[in-house]
Amino acid sequence: MDTNSIDECLKKLSTSPFRSKFHLKTKDVMYVKTKGMETIESHAYDFITKRLASKDIPNDGKQTPMRNHPVFIAQHATATCCRGCLNKWWKIPKNRELTEDEIDFVVELIMAYIKKEMEDENN
């Protein structure tokens, strides 16, 4: 996905009352500032690969906590928290492993959301 597509995705998400209620809290912002964006992106890849990418997820819909890490908040804000949301919002089918391109899209969307939240925090 190119940047325009990611921007369009974020704009689409902002029209959802549920998705738009998620924001990074002060402790999340401080965590991002302390760890740096490169580390946060590494965490995003790790979480997506371990919690979302496999074909069979026994706890699908419940695998992503609602707090305690900026990536988790971003996943809920970007509808990348479970395979059901990936299917509904981004037309990524369930019941098969995510492709590398799909994982990259999910992480790119998560990171774009976090960057936007960090910019909003600084304004």
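Worth a mention:
- Applying the condition of being more than 17 Å from VAL32 (Cα to Cα) and surrounded by 16 or more Cβ atoms within 10 Å (Cβ to Cβ) to the stretch 61-75 and asking which residue is modelled with the highest pLDDT yields THR64.
- Inside the stretch 11-57, residues that are surrounded by fewer than 16 Cβ atoms within 10 Å (Cβ to Cβ) and part of a helix (DSSP H, G or I) make up a count of 18.
- A single entry from LYS50, LYS11 fulfils the requirement of being within 21 Å of ARG96 (Cβ to Cβ) and either hydroxyl-bearing (Ser, Thr, Tyr) or out of contact with any strand residue (DSSP E or B) (no Cβ under 7 Å at 6 or more places or on another chain) (or both): LYS50.
- Qualifying residue in the stretch 87-101 (condition: in contact (Cβ under 8 Å) with a residue 12 or more places away in the chain, under 17 Å from SER20 (Cα atoms) and within 11 Å of the chain's Cα centre (by Cα)): no
- Meets criteria (modelled with pLDDT of 95 or more, in contact with a Leu (Cβ under 9 Å, 6 or more places away or on another chain), hydrophobic (A, V, I, L, M, F, W, C) and more than 20 Å from LYS35 (Cβ to Cβ)) for ILE114: no
- When SER5 is tested against (1) in contact (Cβ under 8 Å) with a residue 12 or more places away in the chain; (2) closer than 18 Å to ALA77 by Cα, just one condition goes unmet, and that condition is (1).
- Within the stretch 36-55, residues that are within 19 Å of ILE92 (Cβ to Cβ) and without any contact (Cβ under 8 Å) to a residue 40 or more places away in the chain have Cβ atoms under 6 Å from residues that are outside any helix (DSSP H, G or I) and not charged (D, E, K, R) in these pairs: ARG51/GLN63, counting only partners at least 6 apart in sequence or on another chain.
- Considering the stretch 76-95, and only residues there that are charged (D, E, K, R) and assigned to a loop (DSSP other than H, G, I, E, B), the residue that is surrounded by the fewest Cβ atoms within 10 Å (Cβ to Cβ) turns out to be LYS91.
- Failed condition for PHE105, given (1) within 25 Å of LYS27 (Cα to Cα); (2) in contact (Cβ under 8 Å) with a residue 24 or more places away in the chain; (3) crowded, with 17+ Cβ neighbours inside 10 Å; (4) not aliphatic (A, V, I, L, M): (1)
The values are calculated or read from the model by the stated rules, or taken from the named source; none is laboratory data. Please read these numbers as outputs of a predicted model, since none were measured by experiment. Please note: Cβ atoms are built from the backbone with ideal geometry, for glycine as well, and neighbour counts cover all protein chains shown.
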